[in-house]
Amino acid sequence: MWNGLYDRRPAFVARCRTAADVSAALRHAADESLEVTVRGGGHGVAGTAVADGTLLIDLSPMRAVTVDPVARVAHAAGGCLVGDVDAATAPHGLACPLGAAPRTGLGGLALGGGYGWLARRWGLTCDHIEAAEVVLADGSIVEATEDRHPDLLWALRGGGGNFGVVTRFTLRLRPVGPVHHQVAVYPMKEAAAALAAYRAFAGHQPRDLRTVGSFRHAGRQEWIPARLRGAPALFLTAAWSGDPADGPAATTPLFGTAPPAGVLARVMSHADLQALGDGGEPSGHRYFVRSSYLDDLPPGAAVRFTDAVREMPSPLSSIGFEYLRGAVTDVPDEDSAFPRRDAAYMCTVSAQWTAPGGDAENIAWARRAADRVKPFATRGGYVNHLQDVREGKVLEVYGTARHRRLAVVKKAYDPGNVLRHNHNIPPAADR
Ligand SMILES: Cc1cc2nc3c(=O)[nH]c(=O)nc-3n(C[C@H](O)[C@H](O)[C@H](O)COP(=O)(O)OP(=O)(O)OC[C@H]3O[C@@H](n4cnc5c(N)ncnc54)[C@H](O)[C@@H]3O)c2cc1C
């Protein structure tokens, strides 16, 4: 498991290679009155893929991907990692908009939403699920499409792992070319000015551009000025997926207004851009994440970010933010389970440390940092960043009406709430 904070021991591990294996595991668990968990890539922030004394349905042997470049679809097995899908689609000049970390699981990512470098241009990963082979809680195997089980397909697009075990995703693919990539660094004393420039720019940026900000300790790379290395700094990263020649001009309003202390600008393939997401948050470290949507990034937020960064106990931790929207807002709100497509910004406090003795201090810091941003937070949140699995929190993420609709689908496909070790949506109660 990615998050070393959770040291849990299942009673049995079913290493599944096929949908029939998953079906047999679910039936066996029912016969033996065992609870089950489902592991995709093991990168769930909340660690729900493993629980003590359960039967763990491990999908990691199921990582095959086939690509139909003419139809522009990929069939990806339920245990695929993001990097598996990218590796299979890249030779065809195609990609599914996925998350930005190659070792995260496609399963958890896609079922919870999926924000990545292409989200502003093409939308979320869940918007690209055309169909899914699903093993239901009773062991039966169905194919969810727009025509067959459309309610299930609707729920799989953002409702998480509540409705069945997905053993194959059919994903729509998009054409991709070279990307113009820039990383800019600012000293903390210039963070407020840089954030003001970002705020003025973010809502007007073209859809081919995704920009993300991160407060973190600067590394020792040559392009980072020596005086900033090893100290907290603000990084703004821009990835332009339009014609690479137009990349520098696309960010001139941002970097021209707030000139950075150092910049690294490169043209790279989409696959290489994806690979950059490897390594910064290794498996086995301890993580505590607090994430929220913000309507705005006012000057008051900059002060609060910098105060929180000053108190950061671990040099591995970070506070990230980004402007969202773009193609994410093109899908009508009622067409998928994914909530809050209109959210403007996401802000993610990510505490990372290694020693168990640091738990209390680092968790307290993340909580405090998130509290500092709370005055600017708006309703809802991103389920894939939710570390708190309490029912009330899941309700907050989806909102009452959507949660109720999800509960009705849950009742149809998993009335006994067999799949409950997740961000759980209990089946709708009988009237
Ligand atoms: C380092 C890192 C980087 C990340 N980057 C991004 C990013 O760029 N964009 C983004 O949107 N998110 C990102 N995330 C969040 C990520 O999307 C979630 O953590 C996601 O849940 C990981 O999926 P997984 O399959 O690895 O998780 P797991 O821990 O294996 O599973 C989590 C839950 O998902 C469900 N599940 C998983 N696979 C299946 C399946 N096939 N069928 C049914 N249920 C399933 C189960 O309920 C399980 O409990 C990142 C997370 C990490 C740790």
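The values are calculated or read from the model by the stated rules, or taken from the named source; none is laboratory data. This one's a predicted model, so the numbers in the text were calculated from it and none came from an experiment. Because the Cβ atoms are built from the backbone with ideal geometry, glycine has one as well, and the counts that use them run over all protein chains shown. Please note that ligands, DNA and RNA were not included when accessible areas were found on the heavy atoms of the full protein model with its side chains. Shrake-Rupley method; radii C 1.70, N 1.55, O 1.52, S 1.80 Å.
Quick notes on this one:
- Candidates in the range 106-140 are the residues that are more than 19 Å from the chain's Cα centre (by Cα) and within 13 Å of the ligand (Cβ to nearest atom); of these, the one that is surrounded by the most Cβ atoms within 10 Å (Cβ to Cβ) is Val135.
- Flag not set for Asp151, criterion: assigned to a loop (DSSP other than H, G, I, E, B) and of a type in the set (Asp, Glu).
For (1) under 23 Å from the mean Cα position of the chain (by Cα); (2) more than 20 Å from Thr167 (Cα to Cα), each residue gets a yes or a no:
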| residue | (1), (2) |
| --- | --- |
| Trp2 | yes, yes |
| Tyr6 | yes, yes |
| Ala19 | no, no |
| Leu26 | no, no |
| Ser33 | no, yes |
| Val50 | yes, no |
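- Residue check, Arg379 in contact (Cβ under 8 Å) with a residue 60 or more places away in the chain, assigned to a loop (DSSP other than H, G, I, E, B) and in the same structural domain as Ser292 (by TED's automatic domain parsing): yes
- So Thr329, is it surrounded by fewer than 17 Cβ atoms within 10 Å (Cβ to Cβ), among the polar types (S, T, N, Q) and in contact with an Asp or Glu (Cβ under 7 Å, 6 or more places away or on another chain): yes
- Only one of the numbered conditions (1) open to solvent by 40 Å² or more (accessible area, probe 1.4 Å); (2) within 16 Å of the ligand (Cβ to nearest atom); (3) not polar (S, T, N, Q) is not met by Ala192, and that is (2).
- Residues that are within 15 Å of the ligand (Cβ to nearest atom) and crowded, with 20+ Cβ neighbours inside 10 Å were ranked within the range 403-417; the one that is nearest to Ala351 (Cα to Cα) is Leu406.
- The set of residues from the range 286-315 being touching a Gly at 6+ places or on another chain (Cβ under 9 Å) and open to solvent by 30 Å² or more (accessible area, probe 1.4 Å) comprises Arg286, Ser291, Pro313, Pro315.
- Members of the range 351-369 found to be crowded, with 20+ Cβ neighbours inside 10 Å and either touching a Lys or Arg at 6+ places or on another chain (Cβ under 8 Å) or of a type in the set (A, V, I, L, M) (or both), listed by number: Ala351, Gln352, Trp353, Asn362, Ala366, Ala369
- Residues within the range 398-423 that are part of a loop (DSSP other than H, G, I, E, B) and closer than 18 Å to Val135 by Cβ, tallied: 9
- Residue within the range 88-97 that is away from the ligand (no atom under 11 Å from the Cβ), over 20 Å from Ala77 (Cβ atoms) and not assigned by TED's automatic domain parsing to the domain that holds Thr237 present: yes
- Checked against the criterion of being within 25 Å of Pro91 (Cβ to Cβ) and open to solvent by 40 Å² or more (accessible area, probe 1.4 Å), the candidates Arg148, Arg103 yield just one match: Arg103.
- Pair list, Cβ < 8 Å and 6+ apart or interchain, from the range 309-323 residues that are not assigned by TED's automatic domain parsing to the domain that holds Phe215 to residues that are open to solvent by 30 Å² or more (accessible area, probe 1.4 Å) and in a loop (DSSP other than H, G, I, E, B): none
- Checking each residue in the range 39-77 for being away from the ligand (no atom under 12 Å from the Cβ) and more than 30 Å from His92 (Cβ to Cβ) picks out Asp52, Gly53, Leu55.
- Considering the range 251-300, the residues that are of a type in the set (Gly, Ala, Ser), away from the ligand (no atom under 16 Å from the Cβ) and in a helix (DSSP H, G or I) include one that is modelled with the highest pLDDT, namely Gly256.
- Looking at Ala343, Ala428, just one residue is surrounded by 14 or more Cβ atoms within 10 Å (Cβ to Cβ) and within 16 Å of the ligand (Cβ to nearest atom), and that residue is Ala343.
- Those residues of the range 383-402 which are crowded, with 22+ Cβ neighbours inside 10 Å and either away from the ligand (no atom under 16 Å from the Cβ) or more than 22 Å from Gly99 (Cα to Cα) (or both), in sequence order: Arg402
- Filter result (open to solvent by 20 Å² or more (accessible area, probe 1.4 Å) and more than 26 Å from Val67 (Cβ to Cβ)) within the range 151-181: Asp151
- Which numbered condition Val36 fails, given (1) open to solvent by less than 10 Å² (accessible area, probe 1.4 Å); (2) near the ligand (Cβ under 8 Å from one of its atoms); (3) on the phi < 0 side of the Ramachandran plot: (2)
- Condition met for Leu81 (over 20 Å from the mean Cα position of the chain (by Cα), at pLDDT 95 or above and either under 20 Å from Ala14 (Cβ atoms) or in the same structural domain as Gly277 (by TED's automatic domain parsing) (or both)): no
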